[in-house]
Every structure is written in C-alpha cells, then in structure tokens.
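**Q** If you scroll down you'll find the structure; I have some questions about it.
The values are calculated or read from the model by the stated rules, or taken from the named source; none is laboratory data. Not measured: the values here are computed from a predicted model. All Cβ positions, even for glycine, are placed from backbone atoms using ideal geometry, and neighbour counts span all protein chains on display.
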Amino acid sequence: MTAPLSSGSQGYQTLPIEQRQARTAQAMQDHIAEEQAVALVYNCMSHAVMMATPLDLEDFALGFSLTEGVIQSKQEVYECLLRPHALGTELKLEIIPPRFAALQSQRRNLTGRTGCGLCGAESLQQAVRPVRSVTPAALPSDEAIQTAMAQFPTQQVLQALTGSLHGAAWCDRDGRVLLVREDVGRHNALDKLIGALHRQAIKTHEGFVLVSSRASYEMVQKVCQVNIPTLIAISAPTTLAITLAQQAGLNLVGFARAGHYNVYTQQEL
C-alpha cells in the first residue's frame with residue numbers, strides 16, 4: 001500500500017481567547033484541537049464520512065478498513081491517496097476487486113443513511129455484527145497494567161495541549177507503551193492505532209490495547225476484528241461490550257486507575 005501525502009496539520013491550532021476569572025479578563029493564546037470531515041472513498045465510491053483530527057490519516061484509512069471488514073489485510077489495498085478540500089479531506093483507497101465487489105453488494109442492501117452512529121444499518125442484524133473470536137491469551141499481569149497506566153498520560157501529547165482528544169495505546173506484555181494515536185473521536189483513535197500496528201507489521205497478539213475512553217461494543221468489535229486479545233479502558237464498559245467480549249474470548253478490563261481496575265471478562269487458559 002502506498003501512503004498518502006501528509007495533511008500538513010499538527011492536529012491543533014493556537015488561537016486567541018479571553019480568559020475570565022472572578023472580575024478580571026486576560027487575553028491569552030490557547031491550543032485548540034482540529035476537527036474536520038474525512039471522507040473514505042473506495043475505488044471512487046464514497047463509503048463513509050467521519051469527523052476526525054487530521055493527523056495520521058494513513059493509519060486511520062487502513063485501520064478503519066480493517067476494523068469495518070472492508071479488507072482483511074493491508075495487502076488488499078493497492079493505493080491510498082489524500083485529497084484536501086475546502087470542507088475537509090478525502091482518503092481515496094484502491095482495493096482489490098473482490099473486496100470492492102463485496103462492499104458494493106453490502107451497499108446495495110442498504111436503503112439509506114440514518115445520521116446516527118449506525119449509519120446505513122437498517123436492521124438489528126446489521127447494527128450489531130457478529131464478533132470474531134480472538135486467539136486466547138492470558139490477562140496481563142497487575143504489574144503490566146499499572147506500568148501502562150503510569151506511562152499512558154505522558155504520551156498523550158495532543159491531549160496535554162488541548163484537553164479534548166482521546167488516546168489509544170499499544171502496550172507490550174510488560175505494559176510498556178510502544179505506540180499511541182490520538183483523535184477527537186475514540187473510535188478514530190483506535191482505528192489509527194490499529195492501522196499503525198498493521199503498517200508497522202507489529203504482532204497484535206503479543207500485547208494489549210489501552211484506551212482513554214469507555215469500552216463500548218464498537219471498541220470490542222474493532223479489537224476482536226484484528227485478533228487483539230485484551231482491551232483495557234479507563235472508563236466503564238457497556239453490557240453489550242461485556243456480552244461480545246465473552247463471546248469472543250476477549251479479556252476486558254474497565255475503570256483502570258492507578259492501583260485498581262475491574263476485570264469484566266477474562267480468558268481461562
């Protein structure tokens with residue numbers, strides 16, 4: 001897969017603001033996270049538009065394509081090009097004919113878009129896709145989880161600047177944070193991370209993912225789709241996320257904090 005051109009964005013802009021405290025006002029500069037429309041176009045067919053931070057878009061394109069089942073491996077993408085527009089950015093992907101034919105067939109079965117998080121889903125079966133089983137792995141040790149929790153905040157650079165971005169981190173078995181991606185959207189941050197893992201040929205079964213958000217069912221589906229055995233979230237999971245994690249054999253941890261966390265599902269080896 002060829003990588004797209006750089007978006008030229010640093011993920012934030014520095015803008016003038018007025019800070020008010022008690023009865024005083026002070027002119028200041030503030031770092032504000034960028035957000036723009038990013039359209040994913042496959043073989044010249046528009047498929048989805050996401051609101052995202054315009055950074056690491058090559059990772060986002062690959063990660064989204066993998067976790068949404070458009071492709072099964074990065075080798076199925078011939079080309080990925082970035083096309084800036086006044087209103088946002090187009091990610092133009094050229095995928096192998098069998099995958100594009102399957103995507104076309106799926107779209108022909110959809111009657112419309114709904115404007116919610118399940119755009120294009122016209123039935124319960126389409127809304128909640130079957131989850132893939134993951135290769136069994138042991139729950140990370142307490143020491144590994146605490147190591148990851150201690151390192152994670154220091155590596156969320158844009159979050160520290162702007163206060164408005166989610167993060168997704170890849171951690172090895174010892175809990176060392178090896179890779180982080182950030183975005184205004186939690187799903188986007190995870191897709192970017194997964195895309196980066198595959199572009200760098202990192203084995204996704206030899207570690208775990210840590211996210212700065214809740215663990216919804218979509219987050220569970222995405223990590224299971226690429227055979228990641230453990231998802232750890234700083235906030236809570238949902239009941240559907242727990243159900244799908246149990247079905248897939250995924251280790252699911254929530255409310256991860258310094259010194260404590262909740263284990264909702266774990267694989268018995």
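**Q** Part of a helix (DSSP H, G or I) and under 23 Å from the mean Cα position of the chain (by Cα), is that true of SER65?
**A** It is true that SER65 is part of a helix (DSSP H, G or I) and under 23 Å from the mean Cα position of the chain (by Cα).
**Q** For region 155-207, name all the residues that are hydroxyl-bearing (Ser, Thr, Tyr) and in contact with a helix residue (DSSP H, G or I) (Cβ under 6 Å, 6 or more places away or on another chain).
**A** THR204 - this is the single residue of region 155-207 that is hydroxyl-bearing (Ser, Thr, Tyr) and in contact with a helix residue (DSSP H, G or I) (Cβ under 6 Å, 6 or more places away or on another chain).
**Q** Can you tell which of ILE145, ILE96 is more than 27 Å from GLN246 (Cβ to Cβ), of a type in the set (A, V, I, L, M) and at pLDDT 95 or above?
**A** The unique qualifying residue is ILE96.
**Q** Right, here's the next one. Filter region 199-214 down to the residues that are crowded, with 20+ Cβ neighbours inside 10 Å and touching a residue at least 40 places away in the same chain (Cβ under 8 Å) and list them by number.
**A** Result: PHE208, VAL209, LEU210, VAL211, SER212.
**Q** OK, next. Given the structure, is PRO84 in a loop (DSSP other than H, G, I, E, B), touching an Asp or Glu at 6+ places or on another chain (Cβ under 9 Å) and of a type outside the set (Lys, Arg)?
**A** Considered against the rule, which asks whether it is in a loop (DSSP other than H, G, I, E, B), touching an Asp or Glu at 6+ places or on another chain (Cβ under 9 Å) and of a type outside the set (Lys, Arg), PRO84 comes out as no.
**Q** Confirm whether VAL223 is of a type outside the set (Phe, Trp, Tyr), in contact with a strand residue (DSSP E or B) (Cβ under 7 Å, 6 or more places away or on another chain), within 19 Å of PHE152 (Cβ to Cβ) and part of a helix (DSSP H, G or I).
**A** yes
**Q** Among (1) touching a strand residue (DSSP E or B) at 6+ places or on another chain (Cβ under 9 Å); (2) not in a loop (DSSP other than H, G, I, E, B), there is one condition LEU240 misses while meeting the rest; what is its number?
**A** Status for LEU240: all satisfied but (1).
**Q** Right, something else. Would region 39-55 turn up any residue that is touching a Pro at 6+ places or on another chain (Cβ under 7 Å) and either surrounded by 12 or more Cβ atoms within 10 Å (Cβ to Cβ) or over 19 Å from VAL223 (Cα atoms) (or both)?
**A** Looking for residues that are touching a Pro at 6+ places or on another chain (Cβ under 7 Å) and either surrounded by 12 or more Cβ atoms within 10 Å (Cβ to Cβ) or over 19 Å from VAL223 (Cα atoms) (or both), one finds none in region 39-55, hence no.
**Q** Here's something else I'd like to know. Which of (1) farther than 19 Å from THR53 by Cβ; (2) in contact with a His (Cβ under 8 Å, 6 or more places away or on another chain); (3) crowded, with 22+ Cβ neighbours inside 10 Å is the odd one out, the single condition PRO140 does not satisfy?
**A** So PRO140 meets the others, but not (2).
**Q** For region 166-193, how many residues meet the condition of being over 12 Å from the mean Cα position of the chain (by Cα) and either in a loop (DSSP other than H, G, I, E, B) or buried (at least 24 other Cβ atoms within 10 Å of the Cβ) (or both)? So that I can check it myself, show each step before the final result.
**A** Quick first cut of region 166-193, residues over 12 Å from the mean Cα position of the chain (by Cα) only: 171-179.
Of the ones still in play, those that are also either in a loop (DSSP other than H, G, I, E, B) or buried (at least 24 other Cβ atoms within 10 Å of the Cβ) (or both) are 171-176.
Of the residues in region 166-193, 6 are over 12 Å from the mean Cα position of the chain (by Cα) and either in a loop (DSSP other than H, G, I, E, B) or buried (at least 24 other Cβ atoms within 10 Å of the Cβ) (or both).
**Q** Now a separate question. Give SER46, SER7 a once-over and let me know the one that is in a strand (DSSP E or B), touching a strand residue (DSSP E or B) at 6+ places or on another chain (Cβ under 7 Å), modelled with pLDDT under 95 and of a type in the set (Gly, Ala, Ser).
**A** Numbers: SER7 fails: in a strand (DSSP E or B).
None of the other options fit; the residue is SER46.
**Q** Let me ask another. Take region 179-238 and flag every residue that is more than 19 Å from VAL131 (Cα to Cα) and of a type in the set (Val, Ile, Thr).
**A** VAL180, VAL184, ILE202, VAL211, ILE234
**Q** Let me ask something else about it. Please name all residue pairs, on different chains or six or more residues apart, with Cβ atoms under 7 Å, provided the first residue is in region 50-62 and is of a type in the set (Ser, Thr, Tyr) and the second residue is assigned to a loop (DSSP other than H, G, I, E, B).
**A** Partner pairs satisfying both residue conditions: THR53/GLY11; THR53/GLU34; THR53/GLU35; THR53/LEU165; THR53/VAL184.
**Q** If you check every pair at least six apart or on different chains, which have Cβ atoms under 9 Å apart with a residue in region 161-178 that is on the phi > 0 side of the Ramachandran plot first and a residue that is surrounded by fewer than 14 Cβ atoms within 10 Å (Cβ to Cβ) second?
**A** GLY175/SER141; GLY175/GLU143; GLY175/ALA150
**Q** For region 194-220, enumerate the residues that are farther than 17 Å from ASN262 by Cα and in a loop (DSSP other than H, G, I, E, B).
**A** Correct list: GLN200, ALA201, ILE202, LYS203, THR204, HIS205, GLU206, GLY207.
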